Amino acid sequence: MEQRHLGRTGLRVSRIGLGTLTWGRDTDEHDAADQLKAFWEAGGTLVDTADVYGGGDAEYVLGQLVERLVPRRDLVIATKAGGVPDPDRRFDGSRGHLLAALDDSLQRLGTDYVDLWQVHAFDPQTPLEETLQALDIAVSSGRARYAGVSNFCGWQLAKAATWQLAAPGTRTRLASTQMEYSLLQRGVEREVLPAALDLGVGLLPSSPLGRGVLTGKYRTGVPSDSRGASERLGAFVDPYLDEAAAGVVDAVVTAADGLATSALHVALAWVRDRPGVVAPIVGARNAQQLTTALSVETLTLPDEICQALDDVSAPVHRYPDQDWSTL
C-alpha cells in the first residue's frame, strides 16, 4: 500500500487507515485479529482508535493483538482523548484530563507511546492554549510521537495550528485533523480543508463511505444486518438516506458500472485522492469486508469521473467563501 506523509511532518502512514470504532463491542477479539492481520498483510500501517471506543475496550483489544500478532514497529497507532460520558459536558480538553487519559490509553494499549495522539473535539470551556499544552507535554515526554486534533471547525483548527507554529517555546506542530468527509459530507471543504492545506495539517477522513450508504446497499431499503437497522446506529445512518443522498449514490453506482468496479471502491478512491487527504479511516465488520475495501489500492478514478462526482455532490458554498464580486 502506498505511504503518505502525515501533514508537514516526517511521519509516513498507509493511505488507508483501519478504524476500530466497533472493536470490543460489536467486533470481538477474534474478528479484530483477523482484520488487523489482513490490514498488515496488505501493507496498512495506520490504526485509529480512541479512549471512548467501546468504553476503552477498543484500545484494550488492540493492545492484546500488538506484538502477539503484528510487530509494534510496523504500526502507526493513533488514539484520541477528550471525550467524557457526561451529558452536560461531552468533551474535556483540560490538561489534567487529557494527560491522565493518555496514561490510561497507554496502559490499555500495552505500549510506551502512541504514534499520533489526537484531541477528540474542541472544548469551549477550556482555554485552547491549555489543551494544546497537553499535546506539547505528551510529545516532549515521549508518550506521543506526533499530535493532532479531531472535529475542530475551520477557525478552531486555524487558531490551534497557528498557535503551535507561532507561540514562543518548544511547540508541537499539528500533524493532522480527523473529520468526516465523503461524497455525502463535503462540509470540510468550506473552511477546514483550506485551513489544513495552508497550515500543513493532513486530513484523515472518517466515514469516507458516507456511513456505509455510498456502498449502495441501502438503495432498495435498509438491510436487516446493516448499521441502518441497528437500534444503536440507525440514527447515525438515517441522515444519509434522503433524496439528495440517493442521487449521489446513483451517480456512484453508475460510475462503478462504467469502470467495472464497485460503488464502495469508487467512493473510497474519490475521497482518498482529494487534495489534502492523507488517509481515509475505514471500519469493517469482518476481515473479508476489509479486504474488499483495501483492494481499492489498484484503482485511480479517471478525471472525467471525478469531475462528474464532484458536480453531482457539490455543496452550496456562497458568501463569504465565494468571491463577493461574483454574487
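Brief remarks on what is shown
- Scan of the stretch 92-129 for residues that are within 17 Å of residue 164 (Cα to Cα), touching a Leu at 6+ places or on another chain (Cβ under 9 Å) and of a type outside the set (Val, Ile, Thr), ordered by number: 93, 116, 117, 118, 122
- Residue ID - farthest from residue 67 (Cα to Cα), chosen from residues in the stretch 78-122 that are of a type in the set (Phe, Trp, Tyr) and out of contact with any helix residue (DSSP H, G or I) (no Cβ under 6 Å at 6 or more places or on another chain): 91
- Restricting the stretch 96-142 to residues that are among the small types (Gly, Ala, Ser) and assigned to a helix (DSSP H, G or I), the residue that is most open to solvent (accessible area, probe 1.4 Å): 140
- Filtered residues of the stretch 229-246 (kept if surrounded by 14 or more Cβ atoms within 10 Å (Cβ to Cβ) and not in a helix (DSSP H, G or I)): 230, 233, 241
- For the stretch 181-220, filtering for residues that are among the charged types (D, E, K, R), within 16 Å of residue 314 (Cα to Cα) and not in a loop (DSSP other than H, G, I, E, B) leaves 1.
- Close pairs from the stretch 200-221: first within 11 Å of residue 249 (Cα to Cα) and touching a residue at least 12 places away in the same chain (Cβ under 8 Å), partner of a type in the set (S, T, N, Q) and open to solvent by 30 Å² or more (accessible area, probe 1.4 Å), Cβ under 7 Å, at least 6 apart: 209/215; 210/185
- Filter result (in a loop (DSSP other than H, G, I, E, B) and either open to solvent by 30 Å² or more (accessible area, probe 1.4 Å) or touching a His at 6+ places or on another chain (Cβ under 6 Å) (or both)) within the stretch 72-94: 82, 84, 85, 86, 87, 88, 89, 90
Each row is one residue, and each column tells you yes or no for (1) touching a residue at least 12 places away in the same chain (Cβ under 8 Å); (2) within 15 Å of the chain's Cα centre (by Cα); (3) under 19 Å from residue 144 (Cβ atoms).
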residue	(1), (2), (3)
27	yes, no, no
41	no, no, no
78	yes, yes, yes
93	yes, no, yes
110	yes, no, yes
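This table checks each residue for (1) assigned to a helix (DSSP H, G or I); (2) open to solvent by less than 60 Å² (accessible area, probe 1.4 Å).
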site	(1), (2)
255	yes, yes
265	yes, yes
279	no, yes
292	yes, no
295	yes, yes
307	yes, no
310	yes, yes
318	no, no
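- Annotation: of all residues in the stretch 10-31 being open to solvent by 20 Å² or more (accessible area, probe 1.4 Å) and out of contact with any Asp or Glu (no Cβ under 8 Å at 6 or more places or on another chain), the one that is modelled with the lowest pLDDT is 26.
The values are calculated or read from the model by the stated rules, or taken from the named source; none is laboratory data. Computed from a predicted model, the values in this text were never measured in an experiment. Here the Cβ is made from the backbone with ideal geometry for all residues, glycine too, and neighbour counts use every protein chain on show. The protein model used for the area step is the full one, side chains on, heavy atoms only, and it has no ligands, DNA or RNA in it. Shrake-Rupley method; radii C 1.70, N 1.55, O 1.52, S 1.80 Å.
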